[in-house]
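The next block holds one structure in the form of structure tokens; read it before the comments.
The values are calculated or read from the model by the stated rules, or taken from the named source; none is laboratory data. In this text the structure is predicted, and so the values were computed from the model without any measurement. All Cβ positions, glycine included, derive from the backbone under ideal geometry; neighbour counts span all protein chains shown. These accessible areas exclude ligands, DNA and RNA; they are computed on the full protein's heavy atoms, side chains included. Shrake-Rupley method; radii C 1.70, N 1.55, O 1.52, S 1.80 Å.
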Amino acid sequence: MTTFDDILEEAGKFGRFQKRIFALLCMASMPFAGVYVGVVFQGFTPDHWCHDPGLEQLRENCGLPLEKARRLILPLVNSSAGVLPSQCQRYDVDWNFTDLTCENLDRDITEAQRAAWPTTSCKNGWEYDYEGRESFVTEFDLVCTDAWLVDVLQAILGVGFLVGSVCIGFLADKFGRKVSFLVSNVLSALTGILVAISPNYISLVVFRALHGFGVKGGWMVAYVLITELVGVEYRRVVGVFFQMAFSCGIIVLPLVAYLIPNWRWIQVAFTLPYIIFMSYYWFVPESPRWLLSQNNSSKAVEITEALAKENKKTLSKNIKTLKDDAHSASGSFMDLIRTPNIRKYTLILSFNWFTSAVVYQGLIMRLGILGGNVYIDFLISGLVEFPAAFLILFTIERIGRRLPFATANIVSGAACLITAFIPESLLWLKTVMACVGRLGISMAFEIVMFVNTELYPTFIRNLGVSVCCTLCDIGGIVVPFLLYRLAVIWLELPLIIFGVLAVIAGGLVLLLPETKGVPLPETIDDIELPNRNKEDTNTSHQL
């Protein structure tokens, strides 16, 4: 029996054929970044204040500048940033029926006078300082008592990611990688346009959930497809560069958002690539490994021969005996928690997936509430992901997995904690430490996938990765509430939470075994009784 890995020895493990498919699928990874963290721009909350229709005529008559008018109608309130004009209340004064004149308005009104004025909520709506731009916050007035609805919009996207990963992953195993990838792109394109034309908040919530369903599932299928087409030793490199394509999307995102002032057209820009990806029907093949698992050897041989031809390789007659090398045994969820070591791995890896998602997504989304130039800050934040990828490639085969994995988490956590207590006067230091935190968590997020696949025995490996990865999407659901609600109390409070989570995650990683140079486990005994297996191996060598 000849396996697909045996044939790749002849056909080429990462030749021209695989490189072409890899380039096409990397392009599919880029727009996912816009969907994942596009809320920073699409849901941007600018400086806002209550609209007072009675003040408009007074401003025209007295020639009041905007800042003077804002100070006049807005009471001062305590906030996490100090004493500032209220964004959610105004003085309940009919300016056309007061004894104030334009001369009085030119002089400062005493605090005693202000204290005597009644206040009211922004019953006439809000005004926004957004320079002709529009986000769904400004269009649907998702501020003040409705600010939590922005959290729901991002959380519902995470729900879509979670359900889509499971459902489209099932479809990929049942009907094939290529079909599932194309179906997910059709769904992503359709729902993306529906998001862009949503007439109200409720429809926006529904369509964003469906959009997340298609986008995340398609992204995961693309990752699986390219890793199944290359030789085993190229999978890690391919995985890292596939993630780097996502990082390229992070860098392009602020440019797109800067050039397009309306959130609806930004959504269209995110969606157009998914329409183009439908053409991959003619350029991307089905996975030969999946075809073999479905006993469709003839089609698998046809694709493998095309692979060898494009790679300018010649196949031997062994291709006629090409068979699936997958194990027939299948595991259940109980296998992930039944035995002590595997249970420990499951709990530690699940916590790391959760932490990586919360800290990574939280640090990016935090850029939208800092008050600086969100476009420049976002670009700088995205650039640090490239050193993270190269550090992974440099360290995992030289040092191992465990130490870089733990160090990345701990460094990220420490950087978050330090950043929280650096004063605003040292802005350059605050920026540097925040970038260090982003670099560390980017490394941890990419390494956790490698470690996850190397710690489980073969018959529950895919199940283990799927279950642990679920915590990543749950983290994406939690993070908007964690970030935006805690920032109202104190702007740096989310950083402290992120820092504590990352440090704990790094410490737990040290409880995992090193997997560098260790053969992939095949059975539960390989995990639970590693020393006995080593002794058996030594004995067989002596015999």
- Message: Give me the net charge for the shell around Lys313: Cβ to Cβ below 12 angstrom, other residues only, Lys and Arg +1, Asp and Glu -1.
- Response: 0
- When Lys and Arg each count +1 and Asp and Glu each count -1, what net charge do the other residues less than 14 Å away from Glu134, Cβ to Cβ, add up to? -3
- Message: Give me the percent of accessible area attributable to carbon and sulfur for segment 452-505, probe 1.4 angstrom.
- Response: 80 percent
- So how exposed is Tyr281, as accessible area in Å² (1.4 Å probe, rounded to 10)? 130 Å²
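What does DSSP give for the chain in terms of the percent of beta bridges that are antiparallel, rounded to the nearest 5?
Close to 85 percent.
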- Hey, what's the per residue convex hull volume over the C-alpha atoms of segment 214-253, in cubic angstrom? 57 Å³
- Task: Report the one residue of Ile410, Phe459, Leu427 whose Cα lies farthest in the direction of the positive end of the charge dipole of segment 375-520 (charges on C-beta: Lys and Arg +1, Asp and Glu -1; origin at the Cα centre).
- Result: Phe459
- Task: Please list Phe4, Phe394 in order of solvent-accessible area, largest first, computed with a 1.4 Å probe with all protein chains present.
- Result: Phe394, Phe4
- Helix 402-421 versus the longest principal axis of the chain: what is the Cα-based angle in degrees, 0 to 90, to the nearest 10? 0 degrees
- Largest first, how would Phe181, Phe14 line up by accessible area (1.4 Å probe)? Phe14, Phe181
- Task: Skip the ligands, DNA and RNA, and give the accessible area per residue of segment 326-485 with a 1.4 Å probe, whole Å².
- Result: 39 Å²
- Nearest-10 value in Å² for the accessible area of Ser466, using the 1.4 Å probe: 70 Å²
- Item | Selection from Met30, Val240, Val268 lying farthest towards where the dipole of the chain points positive, charges on Cβ | Val240
- Note on the structure: Across 20 Å bins beginning at 0, the whole-percent shares of Cα-Cα pair distances in the chain come to 19, 47, 24, 8, 2, 0
- May I ask for the Rg/Rh ratio of segment 354-509, computed from Cα atoms with Rh as the Kirkwood radius, given to two decimals? 0.99
- Principal axis dimensions, segment 1-61 - Cα atoms, whole angstrom, descending: 89, 21, 12
- Task: Measure nothing fancy, just the Cα-based angle from helix 493-509's long axis to the longest principal axis of the chain, in degrees from 0 to 90, nearest 10.
- Result: 10 degrees
- Item | Cα centroid separation, segment 455-500 to segment 167-185 (Å) | 26 Å
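With every protein chain kept in the model, how would you rank Met27, Met278 by accessible area, 1.4 Å probe, largest at the top?
In descending accessible area the options line up as Met27, Met278.
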- Surface accessible to a 1.4 Å probe, Phe283 within the full protein complex, Å²: 110 Å²
